[in-house]
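First comes the structure, then the notes that go with it.
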Amino acid sequence: MTQSAAAQKPPATPRRLDPEDAQHALAEVQERLRRQQLVADLVHRQEEGDSKASLVEDLVHRQHEAELKTLLDGLHPSDIAFILESLPKDERQAIWKLVSPEHDADVLLEVEDWVRESLIEAMDRQDLVAATGNMDADELADLAPDLPPDVVAEVQKGLTEEERAQLLEAMGYPEDSVGAIMDFEMVRVREDVTLEVVLRYLRRLHELPDHTDQIFVVDRQDKLQGILPLSKLLVSEPETEVRAVMNSDFLALNPLDSDADAAGAFERYDLVSAPVMDDQGRLIGRVTIADVVDVMREDSQEQALSRAGLQEEDIFAPVSTALRNRAPWLLFNLCTAATASFVASQFEGTVSQIVILAFLMSIVAGIGGNSGNQTMTLIIRALAMGRITGRNLWQLVKRELLVTLMVGLCGSLVAALFAWAISHSLSIALVMMAAMICNMLVGASVGVLVPMVRARFGKDPAMGSSVLLTFATDSLGFFIFLGLATIFLL
């Protein structure tokens with residue numbers, strides 16, 4: 001029986017803060033930085049060459065640095081990461097220099113990619129080697145793409161043959177695969193030993209790997225035979241053999257499986273950990289709930305940004321970087337808005353004769369967009385969960401159109417009453433009602449088609465979806481409403 005793990009690291013000492021405490025810590029850091037800058041500004045106003053003023057500035061600066069370091073030393077690495085992500089680049093670099101070297105590795109693993117790059121740039125080669133030298137192979141694989149090649153090569157020299165093989169294996173898997181998020185720290189036992197032997201073995205370990213809820217049972221070729229839950233190990237008779245109490249029916253992942261699929265399996269089966277097996281049935285790693293939560297969080301963030309046509313960026317990045325990220329979809333949105341305005345301009349005669357239409361047509365476009373957004377959200381989520389197949393697609397489309405029609409009938413009655421109240425025209429109210437129903441159906445159709453078509457061609461279903469939906473509901477909403485008004489009211 002073996003434990004495939006790197007050298008055990010001492011437990012972290014900083015206390016864990018809740019989100020509100022982390023925000024208070026951020027506010028305190030910002031306040032101390034503000035005071036430090038205020039002192040510097042006051043000193044610079046003194047006459048040049050004033051040695052006393054310079055001495056005061058140096059003393060105050062050191063005092064503030066000492067206070068900030070004391071504050072940072074009492075924080076959990078994830079809270080330090082939160083603070084770094086919330087500061088402009090110059091202040092971020094100043095705070096990063098004050099973080100204790102023993103926490104450098106943990107903070108680098110916690111921060112977002114766009115912050116990590118700037119932190120690594122501020123570190124010299126010796127500090128990077130020291131920070132990454134004690135990382136597990138799976139953690140080092142996460143950082144390797146952002147590290148200078150010579151640093152990775154230097155760290156590899158300090159790894160054992162097993163750790164080096166694990167690192168190369170982890171780096172060889174696609175970014176969004178199970179192999180890229182699995183870790184190699186796990187406990188394995190043979191099936192022909194007793195539970196008493198297993199318990200004696202566990203007691204000799206420094207500590208169990210994080211999120212250990214089960215022990216993996218393997219043969220001499222490391223082929224997975226079953227799993228032994230810790231709960232069963234503790235309540236069974238010590239003289240019982242492992243094979244008698246292990247579970248042979250278990251869920252196993254393949255390293256090339258999608259990490260999103262693994263997240264779905266964890267959610268569906270309430271898993272804490274799951275083994276990862278290669279094509280020959282050998283146990284090569286495991287995925288834990290901590291890895292899955294990270295995947296879910298990243299997917300949620302990417303989806304929220306994608307719907308607006310954005311990519312992840314530093315909130316304090318240079319303006320030029322933000323322009324490259326945001327300008328393309330904003331320019332496209334400008335074109336779509338211009339198209340909607342052009343459609344409306346073709347009905348100038350209708351609007352000039354019935355001015356009230358100019359006030360009502362924005363309602364039609366807005367409600368259609370809201371209806372489409374509801375449908376699109378459901379479709380994107382269903383795609384992410386893998387619940388849409390070729391067999392249920394048409395049934396889903398019919399269901400969404402039926403729901404939209406029913407909601408549209410109810411909502412359009414309210415809209416028609418409003419149109420009648422301000423125009424005192426039954427004809428305008430009926431046109432408003434018909435246009436609203438039609439545009440809601442357009443929104444629902446686009447809400448289904450855009451994600452499905454993009455997913456069909458291997459694209460992110462959420463990318464720019466809101467922009468495309470707004471284009472359809474605005475342009476067609478104006479066309480439908482003003483077109484019906486032209487036909488029936490003039």
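The values are calculated or read from the model by the stated rules, or taken from the named source; none is laboratory data. What you are looking at is a predicted structure, and each value in this text was computed from that prediction instead of being measured. With ideal geometry, Cβ positions are generated from the backbone for all residues, glycine too; neighbour counts draw on all protein chains shown. The accessibility values were calculated without ligands, DNA or RNA, using every heavy atom of the protein model including side chains. Shrake-Rupley method; radii C 1.70, N 1.55, O 1.52, S 1.80 Å.
Scan the range 130-171 for residues that are of a type in the set (Gly, Ala, Ser), open to solvent by 20 Å² or more (accessible area, probe 1.4 Å) and in contact with a Pro (Cβ under 9 Å, 6 or more places away or on another chain) and report the count.
Of the residues in the range 130-171, 1 are of a type in the set (Gly, Ala, Ser), open to solvent by 20 Å² or more (accessible area, probe 1.4 Å) and in contact with a Pro (Cβ under 9 Å, 6 or more places away or on another chain).
Return yes when Pro275 is assigned by the TED database to the domain that holds Glu196, modelled with pLDDT of 90 or more and crowded, with 17+ Cβ neighbours inside 10 Å and no when it is not.
yes
Looking at (1) touching a residue at least 24 places away in the same chain (Cβ under 8 Å); (2) surrounded by 13 or more Cβ atoms within 10 Å (Cβ to Cβ), which is the only condition Arg454 fails?
(1)
I want to confirm something. Restricting to the range 457-490 and keeping residues that are open to solvent by less than 40 Å² (accessible area, probe 1.4 Å) and among the β-branched types (Val, Ile, Thr), which single residue is modelled with the highest pLDDT?
Only one residue tops the list, namely Ile480.
Return the residues of the range 198-212 that are buried (at least 16 other Cβ atoms within 10 Å of the Cβ) and part of a helix (DSSP H, G or I); say none if nothing qualifies.
Listed by number, the residues that qualify are Val198, Tyr201, Leu202.
How do the pairs read when you match residues in the range 377-400 that are in a helix (DSSP H, G or I) with residues anywhere that are among the acidic types (Asp, Glu), using Cβ under 7 Å and keeping only pairs 6 or more apart or on different chains?
Ala384/Asp299
Quick check: anything in the range 107-125 touching a Phe, Trp or Tyr at 6+ places or on another chain (Cβ under 9 Å), hydroxyl-bearing (Ser, Thr, Tyr), outside the structural domain of Ala290 (by the TED database) and within 25 Å of Arg34 (Cβ to Cβ)?
yes
Return the only residue of Ile428, Ile422 being open to solvent by less than 40 Å² (accessible area, probe 1.4 Å) and either at pLDDT 85 or above or not assigned by the TED database to the domain that holds Leu476 (or both).
Ile428
For the range 92-106, what are the residues that are touching a residue at least 60 places away in the same chain (Cβ under 8 Å) and either touching a helix residue (DSSP H, G or I) at 6+ places or on another chain (Cβ under 6 Å) or not assigned by the TED database to the domain that holds Glu65 (or both)?
The answer is Arg92, His103, Asp106.
So Ile215 fits all but one of (1) open to solvent by 30 Å² or more (accessible area, probe 1.4 Å); (2) on the phi < 0 side of the Ramachandran plot; (3) touching a Lys or Arg at 6+ places or on another chain (Cβ under 8 Å); what number is the exception?
(1)
With the condition being at negative phi, out of contact with any Ser or Thr (no Cβ under 6 Å at 6 or more places or on another chain) and free of Cβ contacts under 8 Å to residues at least 24 places away in the same chain, I'd like the helices (runs of 4 or more DSSP H) fully within the range 115-159 carrying at least 1 qualifying residues. Please lay out each step first, then the result.
On the way: elements: 125-132, 137-143, 149-157.
The qualifying helices (runs of 4 or more DSSP H) are 125-132, 149-157.
Suppose we keep only residues that are under 30 Å from Glu207 (Cβ atoms) and open to solvent by less than 80 Å² (accessible area, probe 1.4 Å) within the range 13-42. Which one would you say is modelled with the highest pLDDT?
Ala25
Residue check, Ala382 against (1) closer than 18 Å to Ser423 by Cβ; (2) open to solvent by less than 60 Å² (accessible area, probe 1.4 Å), all met but one. Which one?
(1)
If Asp314 meets every condition in (1) modelled with pLDDT under 70; (2) under 30 Å from Phe478 (Cβ atoms); (3) surrounded by 14 or more Cβ atoms within 10 Å (Cβ to Cβ) apart from one, which number is that one?
Condition not satisfied by Asp314: (2).
List the number of the failed condition for Arg286; all other conditions in (1) assigned to a helix (DSSP H, G or I); (2) basic (Lys, Arg); (3) buried (at least 17 other Cβ atoms within 10 Å of the Cβ) hold.
Going through the list (1) assigned to a helix (DSSP H, G or I); (2) basic (Lys, Arg); (3) buried (at least 17 other Cβ atoms within 10 Å of the Cβ), Arg286 breaks only (1).
Which one is farthest from Thr212 (Cα to Cα), of the residues in the range 224-244 that are surrounded by fewer than 17 Cβ atoms within 10 Å (Cβ to Cβ) and aliphatic (A, V, I, L, M)?
Residue satisfying both the conditions and the ranking: Ala244.
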